[in-house]
1. Just the number, please: carbon plus sulfur as a percent of the accessible area of the stretch 5-76, 1.4 Å probe, no ligands or DNA/RNA counted.
2. Using the alpha-carbon atoms, what tilt in degrees (0 to 90, nearest 10) does helix 105-116 show relative to the longest principal axis of the chain?
3. DSSP beta bridges in the chain, what fraction antiparallel, as a percent rounded to 5?
4. Grab the beta carbon distance between Tyr338 and His236, set R0 = 35 Å, and tell me the FRET efficiency rounded to 0.05.
5. For the ranges 88-96, 243-251, what's the packing order if you count other beta-carbon atoms within 10 Å of each residue, average per peptide, and put the highest first?
6. Give me the 1.4 Å probe accessible area per residue for the chain, excluding ligands and nucleic acids, in Å².
7. If I model a spin label as a point 7 Å beyond the Cα along the Cα-Cβ vector, how far apart are those points for Glu48 and Lys268 in nm?
8. May I ask for the angle, rounded to the nearest 10°, between helix 224-237 and the longest principal axis of the chain, with both axes built from Cα atoms and the value confined to 0 to 90°?
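The values are calculated or read from the model by the stated rules, or taken from the named source; none is laboratory data. Worth saying up front: this structure is predicted, and the values here are computed from it rather than measured. When we count neighbours, we look across all protein chains shown, and the Cβ atoms used for this are built from the backbone with ideal geometry, even at glycine. What goes into the accessible areas is simple: the full protein's heavy atoms, side chains included, and nothing from ligands, DNA or RNA. Shrake-Rupley method; radii C 1.70, N 1.55, O 1.52, S 1.80 Å.
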Amino acid sequence: MNILITGGAGFIGSHVVRLFVEKYPNYHIFNLDALTYAGNLENLKDIESKSNYTFLKGDITDEFFVNKVFEKYKFEGVIHLAAESHVDRSIKDPLCFVKTNVIGSMILLNAFKNTWKDHFENKLFYHVSTDEVYGTLGQIGLFTETTSYDPNSPYSASKASSDHFVRAYGETYNMPYVITNCSNNYGQNQFPEKLIPLFINNIINNKPLPVYGDGNYTRDWLYVKDHAIAIDLVFHQGKSGETYNIGGFNEWKNIDLVKLLCQQMDAKLNRAEGTSEKLITYVKDRPGHDLRYAIDASKINKELGWKPSVTFEEGLKKTIDWYLNNEEWLNSVTSGDYQLYYEKQYKNG
Ligand code: NAD
Ligand code: TYD
């Protein structure tokens, strides 16, 4: 069975690729990735020479290239993770998000449809999406699979759009698909533009910790390896045409999370208690900042028996350990363009 995983050199994708390559020696896993700033083959060094793994460097918006690889390898399953994934970047350059997340997804959908025409038996297009498509919650309530879409950022609008197209292809062409909408992931190999790795890197370097607004925004956090396990489960046991919400049952206000991170980092770095908290700096808020995300993950729990395996405290410790033990990885991704991004993003903070 040939399986295409897009965006496999990125954060979540690399964990999914590793899990599939190691767990399913009888599958051949193709990782298609453009290696943007967020893609890094170092994330897959340990499995790159496995005989059931092939890396394909290419852009999902390149229709000619995508059609060519589908023709050649006839992928029976697609797990689509490639995307522009950072809300702040989507505010600065929304069109880039439309190109990759909407047009790129469409090109993949067409290639999959044209490869199998009406012969979709035992085929599956799995679209990996986000809880951000549902917009924002107030102080109470949870997102369920039937919550209306109400995206607020160019990122979430582009993901919502691709979700709609996947569903439309299912209805119109009988294309078998599943969609999962997951909450915020954290863990090893996450690019340090997102909250947790950015703050870990800044604490290591004694730099200010830029908390947006009053810090009272809430997110539900899931350890990345638990997300990869959920993707494996849904890919093999999910019902075609269904959506599953995936979440950590783990809500944190940003400021409380940052304080916990500071405490754990002080302990790891043998710094006096309270040292890192002094780096907290409240900065200008993100425009259109969603107040709260929280997932009701009871469907995947009841139907497929999935639940997170790691507590947040454990997951955060593993994450911190990984970043402290992988200084070279961190230094290489935070040199060059990252410095320019950082200066531009945080110059007024
Ligand atoms: P990431 O930014 O770390 O990685 C994205 C990967 O996609 C990179 O390897 C990049 O090189 C590749 N890519 C980008 N544009 C491409 C293109 N045009 N063609 C081919 N490859 C391209 O993202 P992530 O955090 O790992 O997220 C993966 C997926 O999961 C995304 O679809 C995202 O929307 C979704 N998701 C992420 C989170 C999260 O918390 N990170 C939560 C829920 C859902
Ligand atoms: P982020 O990791 O960008 O994920 P998302 O926006 O997809 O939820 O941000 C998580 C939360 O942390 C969000 O409420 C924005 C906030 N945040 C900061 O306060 N400061 C920062 O420098 C970053 C990157 C995020």
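1. Carbon and sulfur atoms account for 51 percent of the accessible area of the stretch 5-76.
2. Approximately 30 degrees, to the nearest 10.
3. Numbers: 4 of 42 bridges.
Around 10 percent of the beta bridges assigned by DSSP in the chain are antiparallel ones.
4. Working: r = 37 Å, r/R0 = 1.05.
Efficiency, rounded to the nearest 0.05: 0.40.
5. Numbers: 88-96: 15.4, 243-251: 23.3.
Result, highest mean first: 243-251, 88-96.
6. On the way: 15020 Å² over 349 residues.
Ligands and nucleic acids excluded, the figure is 43 Å² per residue.
7. 2.5
8. With both axes taken from Cα atoms, the answer is about 20 degrees.
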